[in-house]
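The values are calculated or read from the model by the stated rules, or taken from the named source; none is laboratory data. Just so it is clear, the structure is predicted and the values come from calculations on it, not from any experiment. For neighbour counting, all protein chains shown are included, and Cβ atoms are generated from backbone atoms with ideal geometry for every residue, glycine included. The accessibility values were calculated without ligands, DNA or RNA, using every heavy atom of the protein model including side chains. Shrake-Rupley method; radii C 1.70, N 1.55, O 1.52, S 1.80 Å.
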Amino acid sequence: MKITTSGESHGKGLFAIIEGLPAGLKVDFDEIDRVLALRGSGYGRGARQKIESDRAEFLSGVRNGVTLGSPVTVAVWNRDYENWKEFMSPEPCDTEQRRLTRVRPGHADYTGVKKFGTDDARNVLERASARETAARTAAGALCRQLLRALGVEITGYVRSVGGVKDDGEYSFEAIRSGRGEKLMMMDRAAEARAAEEIDRLKAAGDTCGGVCELRVSGLKSGFGSCMTYAEKLDARLCGAMLSVQAVKGAEVGLGFAAAERKGSEAHDGLSVLNGRAFRETNRAGGIEGGMSNGEELVLRAAMKPIPTLMRGLHTIDIKTGEPAIAAAERSDVCALPACETVLENVIACELCAVVLERLGGDRMDKIIERYGELLP
Ligand code: EPS
């Protein structure tokens, strides 16, 4: 299975083409729209989300609510395009008014301008924008429905925002039903403090990042492979997480903390109960030797602070080559809850590809049958 996305942040829309999905997957359209709505919500988002109310429109690959096995095209139209069409039209248009030359450190602006040979950072930032994740989230929400048919579920929560941390341990079910509405945190006191921090940062023209934790339950053992490096499940899932805009760190299980432990305190002992083997702990986060080991997957991703600051950083103006203060475009102060939703769905995309590589991809009924035959 392969997914490609296209579209600019203030262009007509964002699009995903999913090749290699099997025939016979029943599509829950309302659920995909609910996931898109979740991606657009959360405390600290900017004015753009008041304009958009994202919906997934399927343009191909689905008939009568069921996938055909042909490439699926899904569109998320930009409502804001109405306000931008004179500057963003594919036809000749006014590029001068929205030209961005005081490049924003931390965004793709400056490196992209040099790489693509343009004098307008808008030609770069429109695609680098995290708005792209609307398309990947729609695709992931569909992949998730395939995984669910096998009994594989994904959830997650926000573990820290702007330095306000939640060090708790939570079960999959607790996370599914217990996330806060504002910031998708589990600890309500931490969530309230984090919201106050966002208010302070907003008043100061600043932004923040944070950490998300993702969980996958129901995945049987043996997905990914220790035989070839490109197939290692941890590498693929961390690569997927790092492909999300602003994500700068990814870890599995204990992750970086494992480096500070003794071997005797870093691995998961095996025991037997009533003739069945089980792991005493899940420090590996469900992956050993690049393969799922049948335990819950535990993944974490660190999001850097959003690089568009209302009080701009030192930069240069590429028009004059002179020192300047970076452009302040309308943006978000915090997008951690959005990032969490995106990560769940990006993981769904990658996991769906991994599952189909092992089980074949023509038809859902055969895939479900083959999954049922695998060892837990
Ligand atoms: C983004 C800047 C903001 C965000 C956007 C990502 O958009 P705008 O420039 O239109 O205010 O709101 O995210 C989304 C639009 C979205 O749907 O997630 C950026 O520069 O990355």
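Just to be sure before I move on: is Gly65 small (Gly, Ala, Ser), within 20 Å of Ala135 (Cα to Cα), open to solvent by less than 20 Å² (accessible area, probe 1.4 Å) and within 11 Å of the ligand (Cβ to nearest atom) in the structure I sent?
No; evaluated as a whole, the condition is false for this residue.
For region 76-126, enumerate the residues that are among the β-branched types (Val, Ile, Thr) and touching a residue at least 60 places away in the same chain (Cβ under 8 Å).
Val76, Thr101, Val103, Val113
For Asp268, only one of the following conditions fails: (1) more than 19 Å from Val216 (Cα to Cα); (2) in contact (Cβ under 8 Å) with a residue 12 or more places away in the chain. What is its number?
(1)
Restricting attention to region 33-56, which residues are part of a loop (DSSP other than H, G, I, E, B), in contact with a strand residue (DSSP E or B) (Cβ under 9 Å, 6 or more places away or on another chain), open to solvent by less than 50 Å² (accessible area, probe 1.4 Å) and on the phi < 0 side of the Ramachandran plot?
Once the filter is applied, which keeps residues that are part of a loop (DSSP other than H, G, I, E, B), in contact with a strand residue (DSSP E or B) (Cβ under 9 Å, 6 or more places away or on another chain), open to solvent by less than 50 Å² (accessible area, probe 1.4 Å) and on the phi < 0 side of the Ramachandran plot, region 33-56 yields Glu52, Asp54, Ala56.
Out of the residues in region 7-27 meeting the condition of being away from the ligand (no atom under 16 Å from the Cβ) and under 22 Å from the mean Cα position of the chain (by Cα), tell me which one is nearest to Arg79 (Cα to Cα).
Within region 7-27, the match that is nearest to Arg79 (Cα to Cα) is Ile17.
Under 7 Å by Cβ, and 6 or more places apart or on different chains, what pairs join a residue from region 322-334 that is within 11 Å of the ligand (Cβ to nearest atom) and of a type in the set (Asp, Glu) with one that is open to solvent by 30 Å² or more (accessible area, probe 1.4 Å) and modelled with pLDDT under 95?
Short answer, once both residue conditions are applied: Asp332/Arg45.
Give the residue that is nearest to the ligand (Cβ to nearest atom), with candidates limited to residues of region 283-313 that are open to solvent by less than 50 Å² (accessible area, probe 1.4 Å) and in contact with a helix residue (DSSP H, G or I) (Cβ under 7 Å, 6 or more places away or on another chain).
Met303
Please verify whether Ala259 is open to solvent by 70 Å² or more (accessible area, probe 1.4 Å), in contact with a Ser or Thr (Cβ under 9 Å, 6 or more places away or on another chain), among the small types (Gly, Ala, Ser) and more than 28 Å from Ala130 (Cα to Cα), treating the condition exactly as stated.
The answer is no for Ala259.
Limited to region 178-190, what total is found for residues that are under 23 Å from Val35 (Cβ atoms), in contact (Cβ under 8 Å) with a residue 24 or more places away in the chain and outside any loop (DSSP other than H, G, I, E, B)?
Selection size over region 178-190: 0.
Across region 121-177, what is the number of residues that are in a loop (DSSP other than H, G, I, E, B) and either on the phi < 0 side of the Ramachandran plot or buried (at least 21 other Cβ atoms within 10 Å of the Cβ) (or both)?
11
Scanning for something modelled with pLDDT of 95 or more and in contact with a Lys or Arg (Cβ under 6 Å, 6 or more places away or on another chain), does region 211-219 turn up at least one residue?
yes
Examine region 220-235 for a residue that is open to solvent by 20 Å² or more (accessible area, probe 1.4 Å), more than 30 Å from Ile367 (Cβ to Cβ) and not in a strand (DSSP E or B), and state whether such a residue exists.
No, region 220-235 contains no residue that is open to solvent by 20 Å² or more (accessible area, probe 1.4 Å), more than 30 Å from Ile367 (Cβ to Cβ) and not in a strand (DSSP E or B).
Identify, by number, the condition in (1) under 21 Å from Thr308 (Cα atoms); (2) part of a helix (DSSP H, G or I); (3) within 15 Å of the ligand (Cβ to nearest atom); (4) open to solvent by 10 Å² or more (accessible area, probe 1.4 Å) that Gly106 doesn't meet.
Status for Gly106: all satisfied but (2).
Out of everything in region 266-306 that is in contact with a Phe, Trp or Tyr (Cβ under 8 Å, 6 or more places away or on another chain) and part of a strand (DSSP E or B), what residue ends up being farthest from Ala130 (Cα to Cα)?
Residue satisfying both the conditions and the ranking: Val272.
Could you figure out which of (1) farther than 19 Å from Asn123 by Cα; (2) open to solvent by 80 Å² or more (accessible area, probe 1.4 Å) isn't true of Leu25?
The failed condition is (2).
Do you know which residues across region 314-343 are outside any loop (DSSP other than H, G, I, E, B), among the polar types (S, T, N, Q) and either out of contact with any Pro (no Cβ under 9 Å at 6 or more places or on another chain) or surrounded by 24 or more Cβ atoms within 10 Å (Cβ to Cβ) (or both)?
Thr341
In the list Ala138, Ala130, which residue meets the criterion of being of a type in the set (Gly, Ala, Ser), touching a strand residue (DSSP E or B) at 6+ places or on another chain (Cβ under 6 Å) and within 15 Å of the ligand (Cβ to nearest atom)?
After applying the criteria, what remains is Ala138.
Return the residues of region 82-96 that are surrounded by fewer than 18 Cβ atoms within 10 Å (Cβ to Cβ) and within 15 Å of the ligand (Cβ to nearest atom); say none if nothing qualifies.
Glu82, Asn83, Lys85, Phe87
Is there any pair with a first residue in region 352-374 that is at pLDDT 95 or above and a second that is among the acidic types (Asp, Glu) whose Cβ atoms are under 9 Å apart and which are 6 or more apart or on different chains, and what are they?
These pairs meet every condition: Val354/Glu231; Glu357/Glu231.
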